[in-house]
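The structure appears below as structure tokens.
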Amino acid sequence: AAEVPRAYWRDRLRKLRAAGFNTVETYIAWNLHEYQSGLYDFGNGGSDMSDFLHLEEFLQIAKEEDLFAIVRSGPFICAEFEFGGFPSFILRDGDKLWVRTNNEYYMNYVSRWFNVLMPILAKYQFTKGGPIIMFQVENEYLGR
């Protein structure tokens, strides 16, 4: 959703459905939502990207347009996104932190992020009447 302005979400999702598709997928960029350590923006203001970050609104529109959703929640979302979608502040731990491992320092950050994100997503799971049919929690793991 972060690449398409919010004002166009319904139009784009409606066109996707009209083209015969039944599912939309979206990345959830950790570094956009946790724009400073411990500060989160899900469209409620705070960051410069706020208008693109209304995650619940995006999922609600997908549901209203009769689309399933696959959410790619990371923590690493893709190589094409700056630092894979990780927030840069996690680098403060320097040599102690190894991303994409079970490293204690890394997992503390991931746990904190998921403790904020997952309750939002849980409300939109298919089993609760929402559009989310799948979560992708890593991407291109150990891809070289």
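Where a number appears in this text, it was derived from the coordinates with a stated rule and is not lab data. On a predicted model such as this, the values are computed, not experimentally measured, just so you know. As a convention, Cβ positions derive from the backbone with ideal geometry for all residues, glycine included, and neighbour counts pool all protein chains shown.
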Whose amide H sits under 5 Å from the amide H of R72, counting only residues 5 or more places off or on another chain, with H placed in the peptide plane?
T26, Y27, I28, Q136
In terms of the ratio Rg/(2.2 N^0.38 Å) built on C-alpha atoms, what value belongs to the chain?
1.07
Sites matching GluC sites (Glu not before Pro) across the stretch 1-60 that sit in DSSP coil, with at most 16 neighbouring C-beta atoms within 10 Å
E3
Could you give the dipole magnitude of the stretch 6-135 about its Cα centre, charging the beta-carbon of Lys and Arg +1 and that of Asp and Glu -1, in debye to the nearest 20?
360
Put +1 on the Cβ of each Lys and Arg and -1 on the Cβ of each Asp and Glu in the chain; which of V4, S50, L91 then has its Cα farthest toward the positive end of the dipole?
V4
When only C-alpha pairs under 8 Å and at least 6 residues apart count, what is the relative contact order of the chain, in percent?
27
Of all DSSP beta bridges having both residues in the stretch 6-135, the percent classed as antiparallel (nearest 5) is 10
Virtual paramagnetic centre 7 Å along Cα→Cβ of R10, amide N under 20 Å, in the stretch 43-87
43-44, 51-69
Those chymotrypsin sites (Phe, Trp or Tyr not before Pro) in the stretch 80-125 that DSSP places in a loop and that have at most 15 other beta carbons within 10 Å:
W98
K128, K15 arranged by Cβ crowding within 10 Å, fewest neighbours leading:
K128, K15
In whole Hz and in residue order, list the ³J(HN,Hα) couplings for the stretch 57-65 that follow from phi through the Karplus curve 6.51 cos²θ - 1.76 cosθ + 1.60, θ = phi - 60°; x for Gly and Pro.
5, 4, 5, 5, 5, 4, 4, 5, 8
Applied in sequence order to the stretch 98-106, the curve 6.51 cos²θ - 1.76 cosθ + 1.60 (Karplus, θ = phi - 60°) yields integer Hz couplings, x standing for Gly and Pro, of 10, 5, 6, 9, 8, 3, 4, 5, 4
Per residue of the chain, what 222 nm ellipticity follows from adding -39500 (n - 2.57) for every DSSP H run with n ≥ 4, rounded to the nearest 500?
-9000 deg cm²/dmol
Going 7 Å from the Cα of V137 toward and past its Cβ, which residues in the stretch 67-107 have a backbone nitrogen under 20 Å from where you end up?
69-79, 84-87, 98-107
